[in-house]
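Everything below concerns the one structure shown next.
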Amino acid sequence: MVVLVAHASEHGSTREIAERIAARLGEQGVAAQAHPVADVPVLTGYDAFVIGSAIHGGDWLPAGGAFLSSNRATLARHPVWLFSVSTIGEQSSAFPPRVARWMRNMMKVPRAVTAVEDEVGPQDHHAFAGVILPGHWGFSGRVFLRAFGGRFGDHRNWQEIDAWAMSIAGKLRSSQLGSG
C-alpha cells in the first residue's frame, strides 16, 4: 500500500505537517510520499490519499481546491483523509482558549472540501493550527489577530498531528488485513 500525502502550502507550515504525517505513516509500516499538489501529475500507483491545504480567506489555497476538484472521481475510489491548516485547529490555536472556542463554533468547512465531500466521501477532515508570522498577514489581519488576543508564532500541536497520522495508519493497516 502506498499513500500520497499531497499538500498546498504557501509559507511551509502545511508542507511540514504533510511531511510529518508521511513520516509517521512510514514509521507505522505504511509507505507514504509527501508532495506538493502541483507536483502530482497523476494519481496512479497510490492506494490512499491524505490531502491538506493552508486556509487563506476562509478556503483552501486555489491549488489545493483545484487538486481536489479535478481528481474527485479517482479520490472517490480510495480512502481519503483531508486536513486544513489555519489559525484555529481542533486542539490548538493562535488565539486564547476562550476566543478559540468561540471561533471553532463559527468555523465552517472550507468550500473546496464541501464541493467534493459527497462524491469523495473523506474518512475525516481535520483542522490544525499552523505557523502565523507578521509577514503572512496584511495590516488589517495583524490588527484582528491582536484585537482578539492572538499571537504570532508556531501553533502546531505535533502530538495532535502524530495521533491523527497514527489513526490513519491503524485504519489502513486494518483494512489491508481485512482484504488479505
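Given the criterion touching a Leu at 6+ places or on another chain (Cβ under 8 Å), of a type outside the set (Gly, Ala, Ser), surrounded by 12 or more Cβ atoms within 10 Å (Cβ to Cβ) and in a helix (DSSP H, G or I), identify the matching residue among 161, 168. Lay out the reasoning, then the answer.
Numbers: 161 fails: touching a Leu at 6+ places or on another chain (Cβ under 8 Å).
Residue meeting the stated conditions: 168.
Taking the residues in segment 125-143 that are surrounded by 13 or more Cβ atoms within 10 Å (Cβ to Cβ) and assigned to a helix (DSSP H, G or I) as candidates, determine which candidate is nearest to the chain's Cα centre (by Cα).
Step one: list which residues in segment 125-143 are surrounded by 13 or more Cβ atoms within 10 Å (Cβ to Cβ), which gives 125-132, 136-137, 141-142.
When the remaining residues are screened for being assigned to a helix (DSSP H, G or I), the result is 136, 141-142.
Working: 136: 18, 141: 22, 142: 23 Å.
The selected residue is 136.
Can you tell me which of (1) of a type in the set (S, T, N, Q); (2) over 23 Å from residue 34 (Cβ atoms); (3) in contact with a Leu (Cβ under 7 Å, 6 or more places away or on another chain) is the one residue 105 doesn't meet? Residue 105 satisfies all of (1) of a type in the set (S, T, N, Q); (2) over 23 Å from residue 34 (Cβ atoms); (3) in contact with a Leu (Cβ under 7 Å, 6 or more places away or on another chain) except (3). For segment 19-110, the helices (runs of 4 or more DSSP H) that sit wholly inside it and include 1 or more residues that are touching a residue at least 24 places away in the same chain (Cβ under 8 Å), of a type in the set (S, T, N, Q) and surrounded by fewer than 18 Cβ atoms within 10 Å (Cβ to Cβ) are 62-70, 72-75. Of the residues examined, residue 40 is one that is modelled with pLDDT under 95 and under 23 Å from residue 130 (Cβ atoms). Consider segment 12-37. How many of its residues are within 24 Å of residue 133 (Cα to Cα) and out of contact with any strand residue (DSSP E or B) (no Cβ under 7 Å at 6 or more places or on another chain)? So the answer is 3. Of all the criteria given as (1) without any contact (Cβ under 8 Å) to a residue 60 or more places away in the chain; (2) under 19 Å from the mean Cα position of the chain (by Cα), the one not satisfied by residue 160 is (1).
The values are calculated or read from the model by the stated rules, or taken from the named source; none is laboratory data. Everything quoted here is computed from the prediction, not taken from an experiment. No Cβ is skipped: glycine too gets one built from the backbone with ideal geometry, and neighbour counts run over all protein chains shown.
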